[in-house]
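> Can you read through this structure? Questions will come right after.
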Amino acid sequence: MAISKEVKEYIKSVIDPLLTKESLLEIFEKFQNDIIAKFENVIKEKDAKITELESQIAVQQNSIDKLIISCDDNQQYARRSSLRIHGIPTPEDGVEEDINTTLTKCYREMNLTFKEENIDRAHRIGKCYKDIASGKITQSIIVKFKDWKSRQEFYKARPKYFVNGKKKPGRKFSITPDLTIRRYNLLKKAKGQIKDKSEFSYALIDTNCSLALKIKDGPYRYFNSDKELNDIIDEYLN
């Protein structure tokens, strides 16, 4: 099909500018100014939205963290009347355990008198494990006391692992507060983070189930979250 002179001239007018470097530069600049600028504006809008969403997420995460700690505090308070006894061997296969008899032996070991009326309930709990000291299979015992006074009497008389900074041999069992999983893991983390750091003496759980770091030649510093723990450590290491 024949092409009219007018069409040929039109096509030539479109193509000819593309054959010069100057025209290609103009086309690129137009592309840069129009297309790339539009993309940059879109990206800036998206970045601003992402920043806004990240800020909202941070606020929500902070609220969630506070709720987790608040719920954990409530759970820990519900456990404050309970203690766990570790290191008492489990009965041999086929032998049924009288938990009151076991508790009586613990009380006697601490020069206390066992009174059944002070105990709400007591039973074995958790997984069985091999005790390092005795080599026997054991399982923890959880004891829920009916009142705080009975609980404190039992806890304060517990066999000590260290006396005047020296390890005391012959301890037959140990007694600890009944900690929530979160608080137990936080205490474990604290012990790991201050290990071999001379600025700290030890990490502990006090009689009210609160966590603290003992500063060497200094006070006890209490913490209840990863952030509070890290802030205390950074304060004394930096």
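The values are calculated or read from the model by the stated rules, or taken from the named source; none is laboratory data. All values derive from a computational prediction rather than experimental measurement. Every residue, glycine among them, receives a Cβ derived from its backbone with ideal geometry; neighbour counts consider all protein chains shown. Heavy atoms of the whole protein, side chains included, go into the accessibility calculation; ligands, DNA and RNA do not. Shrake-Rupley method; radii C 1.70, N 1.55, O 1.52, S 1.80 Å.
> Output the residues belonging to the stretch 83-101 that are β-branched (Val, Ile, Thr) and under 19 Å from Lys156 (Cα atoms). Before you say what the answer is, go through the steps one by one.
First, the residues of the stretch 83-101 that are β-branched (Val, Ile, Thr): 85, 88, 90, 95, 99, 101.
Once the filter is applied, which keeps residues that are β-branched (Val, Ile, Thr) and under 19 Å from Lys156 (Cα atoms), the stretch 83-101 yields Ile85, Ile88.
Conditions tested, residue by residue: (1) aliphatic (A, V, I, L, M); (2) closer than 23 Å to Asn74 by Cα; (3) out of contact with any Pro (no Cβ under 9 Å at 6 or more places or on another chain).
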position: Ser174; (1), (2), (3): no, no, no
position: Ile181; (1), (2), (3): yes, yes, yes
position: Ile205; (1), (2), (3): yes, yes, no
position: Asn238; (1), (2), (3): no, no, yes
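> Show the residue pairs meeting these rules: Cβ distance below 7 Å; 6+ apart or different chains; first residue within the stretch 56-73 and within 16 Å of Ile181 (Cα to Cα); second residue open to solvent by less than 70 Å² (accessible area, probe 1.4 Å) and part of a helix (DSSP H, G or I).
Asp72/Arg182; Asp72/Arg183
> When the stretch 133-148 is examined, which residues are found to be in a loop (DSSP other than H, G, I, E, B) and either on the phi > 0 side of the Ramachandran plot or not charged (D, E, K, R) (or both)?
Ala133, Ser134, Gly135 - these are the residues of the stretch 133-148 that are in a loop (DSSP other than H, G, I, E, B) and either on the phi > 0 side of the Ramachandran plot or not charged (D, E, K, R) (or both).
> Continuing with the same structure: Free of Cβ contacts under 8 Å to residues at least 12 places away in the same chain, among the β-branched types (Val, Ile, Thr) and more than 22 Å from Asn208 (Cα to Cα): is that true of Thr101 in this structure?
Against the criterion (free of Cβ contacts under 8 Å to residues at least 12 places away in the same chain, among the β-branched types (Val, Ile, Thr) and more than 22 Å from Asn208 (Cα to Cα)), Thr101 qualifies.
> Which one is modelled with the lowest pLDDT among residues in the stretch 97-132 that are farther than 12 Å from Ile85 by Cβ, part of a loop (DSSP other than H, G, I, E, B) and not charged (D, E, K, R)?
Once the filter is applied, the top-ranked residue is Ile132.
> Output the residues belonging to the stretch 103-135 that are basic (Lys, Arg) and within 19 Å of Glu92 (Cβ to Cβ).
Filtering the stretch 103-135 down to residues basic (Lys, Arg) leaves 105, 108, 115, 121, 124, 127, 130.
Residues satisfying the conditions are Lys105, Arg124, Lys127, Lys130.
> Does any residue in the stretch 211-238 that is more than 19 Å from Ile69 (Cβ to Cβ) and in a loop (DSSP other than H, G, I, E, B) come within less than 8 Å, Cβ to Cβ, of a residue that is of a type in the set (Ser, Thr, Tyr) and open to solvent by 20 Å² or more (accessible area, probe 1.4 Å) six or more places away or on a different chain, and which pairs are these?
What qualifies is Lys216/Ser198; Lys216/Ser201.
> Taking the residues in the stretch 211-237 that are of a type in the set (Lys, Arg) and under 21 Å from the mean Cα position of the chain (by Cα) as candidates, determine which candidate is surrounded by the fewest Cβ atoms within 10 Å (Cβ to Cβ).
Within the stretch 211-237, the subset of a type in the set (Lys, Arg) is 214, 216, 221, 227.
Okay, now just the ones that are also under 21 Å from the mean Cα position of the chain (by Cα), so 214, 221, 227.
Working: Lys214: 15, Arg221: 18, Lys227: 10.
Among residues in the stretch 211-237 that are of a type in the set (Lys, Arg) and under 21 Å from the mean Cα position of the chain (by Cα), the one surrounded by the fewest Cβ atoms within 10 Å (Cβ to Cβ) is Lys227.
> Which number in (1) open to solvent by 50 Å² or more (accessible area, probe 1.4 Å); (2) within 29 Å of Asp226 (Cβ to Cβ); (3) among the aromatic types (Phe, Trp, Tyr) marks the one condition that Trp148 misses?
With respect to (1) open to solvent by 50 Å² or more (accessible area, probe 1.4 Å); (2) within 29 Å of Asp226 (Cβ to Cβ); (3) among the aromatic types (Phe, Trp, Tyr), Trp148 is out only on (2).
> Could I ask something else about it? Would you call Asn208 surrounded by fewer than 16 Cβ atoms within 10 Å (Cβ to Cβ), out of contact with any Gly (no Cβ under 7 Å at 6 or more places or on another chain) and assigned to a loop (DSSP other than H, G, I, E, B)? Spell out how you get there, then give the answer.
Details: surrounded by fewer than 16 Cβ atoms within 10 Å (Cβ to Cβ): yes; out of contact with any Gly (no Cβ under 7 Å at 6 or more places or on another chain): yes; assigned to a loop (DSSP other than H, G, I, E, B): yes.
Here the answer is yes, as Asn208 does meet what is asked.
> Given the condition assigned to a strand (DSSP E or B), open to solvent by 60 Å² or more (accessible area, probe 1.4 Å) and under 16 Å from Asp178 (Cβ atoms), answer yes or no: does some residue in the stretch 86-94 qualify? Spell out how you get there, then give the answer.
Taking the stretch 86-94 first, the residues assigned to a strand (DSSP E or B) are 86, 89.
Still in the list and also open to solvent by 60 Å² or more (accessible area, probe 1.4 Å): none.
Within the stretch 86-94 (the criterion being assigned to a strand (DSSP E or B), open to solvent by 60 Å² or more (accessible area, probe 1.4 Å) and under 16 Å from Asp178 (Cβ atoms)), the answer is no, since none of the residues qualifies.
> Do we have any residue at all in the stretch 63-80 that's open to solvent by less than 100 Å² (accessible area, probe 1.4 Å) and part of a loop (DSSP other than H, G, I, E, B)?
Among the residues of the stretch 63-80, at least one is open to solvent by less than 100 Å² (accessible area, probe 1.4 Å) and part of a loop (DSSP other than H, G, I, E, B), which makes the answer yes.
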